[in-house]
1. All but one of (1) assigned to a loop (DSSP other than H, G, I, E, B); (2) at pLDDT 85 or above; (3) hydroxyl-bearing (S, T, Y) hold for S109; which doesn't?
2. Return yes when E137 is within 21 Å of I62 (Cβ to Cβ), open to solvent by 30 Å² or more (accessible area, probe 1.4 Å) and at pLDDT 90 or above and no when it is not.
3. I'd like the residue in the stretch 177-202 that is farther than 22 Å from D87 by Cα and touching a Cys at 6+ places or on another chain (Cβ under 8 Å) and, out of all such residues, is most open to solvent (accessible area, probe 1.4 Å).
4. From K77, K53, K66, which residue is assigned to a loop (DSSP other than H, G, I, E, B), modelled with pLDDT of 80 or more and either over 15 Å from the mean Cα position of the chain (by Cα) or surrounded by 13 or more Cβ atoms within 10 Å (Cβ to Cβ) (or both)?
5. For M94, state whether it is open to solvent by less than 20 Å² (accessible area, probe 1.4 Å), touching a strand residue (DSSP E or B) at 6+ places or on another chain (Cβ under 9 Å) and under 18 Å from F37 (Cα atoms).
6. Exactly one condition in (1) out of contact with any His (no Cβ under 8 Å at 6 or more places or on another chain); (2) part of a helix (DSSP H, G or I) is not met by S151; state its number.
7. Being surrounded by fewer than 17 Cβ atoms within 10 Å (Cβ to Cβ) and either among the hydrophobic types (A, V, I, L, M, F, W, C) or within 17 Å of the chain's Cα centre (by Cα) (or both): is that true of D39 here?
8. Checking K145 against (1) assigned to a loop (DSSP other than H, G, I, E, B); (2) touching a residue at least 12 places away in the same chain (Cβ under 8 Å); (3) open to solvent by 40 Å² or more (accessible area, probe 1.4 Å): exactly one of these is not met. Which one?
Amino acid sequence: MRAGDAKAVLVVGVEVTSSHYDINSTDNSSLVAHALFADGAAAVVLAPEGKWKYEKTGMSVIPNSKGLLTLNPPFAKEHTSYRMYLDKNVSNEMGIYFSEGKGKDLLDSLHSSNKKPFPALCIHPGGPKILQAFGNEIYSRGWSKNSMQNSYDLIENYGNLGAAAILFVLAKSINQIEEDEMITMAFGPGVTVEWAKLSKVH
């Protein structure tokens with residue numbers, strides 16, 4: 001699209017996490033992962049012109065998080081499928097990252113707490129504790145307690161739909177947003193933090 005070869009790009013997120021279930025994975029971190037993650041698919045069209053435009057995008061990795069959130073191929077003979085693993089310390093490391101680490105600087109760069117109104121939030125619902133860890137920092141900066149309600153609704157009604165989850169939250173949020181700015185944030189294996197800041201086109 002940037003090179004001028006396409007007028008629009010269709011971005012599709014598909015998750016078939018039910019196929020990853022392994023009866024041999026009985027540890028709590030594997031069981032919780034399979035209880036949270038669900039099958040789903042969603043798509044979005046990106047184009048040079050539209051109602052919203054990207055101002056900034058980026059990705060970072062939370063320090064010391066290697067192995068806390070993983071999706072591994074079946075390396076061992078006794079494993080029948082990919083193995084999903086969600087360690088109980090993911091939310092703790094996220095909390096530290098956003099309150100003390102480089103995640104704090106990231107949030108500062110996306111929005112100053114002294115500036116109002118606050119941007120709308122479109123946050124990937126990784127899980128209740130992940131939303132709580134991120135929310136604790138967001139609320140302390142002045143965002144309202146219902147600023148992530150669409151994320152909570154999705155995790156409660158459908159589970160974590162993986163890559164498609166952020167698009168589901170976006171679809172539910174986009175027509176309700178009165179603010180001129182929006183921050184999106186998603187979390188994935190790594191543990192990665194993928195973010196963007198968008199603004200309305202007037």
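1. The one condition S109 does not meet is (1).
2. no
3. T184
4. Going through K77, K53, K66 in turn, just one is assigned to a loop (DSSP other than H, G, I, E, B), modelled with pLDDT of 80 or more and either over 15 Å from the mean Cα position of the chain (by Cα) or surrounded by 13 or more Cβ atoms within 10 Å (Cβ to Cβ) (or both): K66.
5. no
6. (1)
7. Judged against the criteria, D39 is a match.
8. In the conditions (1) assigned to a loop (DSSP other than H, G, I, E, B); (2) touching a residue at least 12 places away in the same chain (Cβ under 8 Å); (3) open to solvent by 40 Å² or more (accessible area, probe 1.4 Å), K145 misses (2) alone.
The values are calculated or read from the model by the stated rules, or taken from the named source; none is laboratory data. It should be emphasised that the depicted structure is a prediction, and the values quoted were computed from it without experimental measurement. Here the Cβ is made from the backbone with ideal geometry for all residues, glycine too, and neighbour counts use every protein chain on show. For the accessible areas, the whole protein counts, side chains as well, though only heavy atoms, and no ligand, DNA or RNA atoms are used. Shrake-Rupley method; radii C 1.70, N 1.55, O 1.52, S 1.80 Å.
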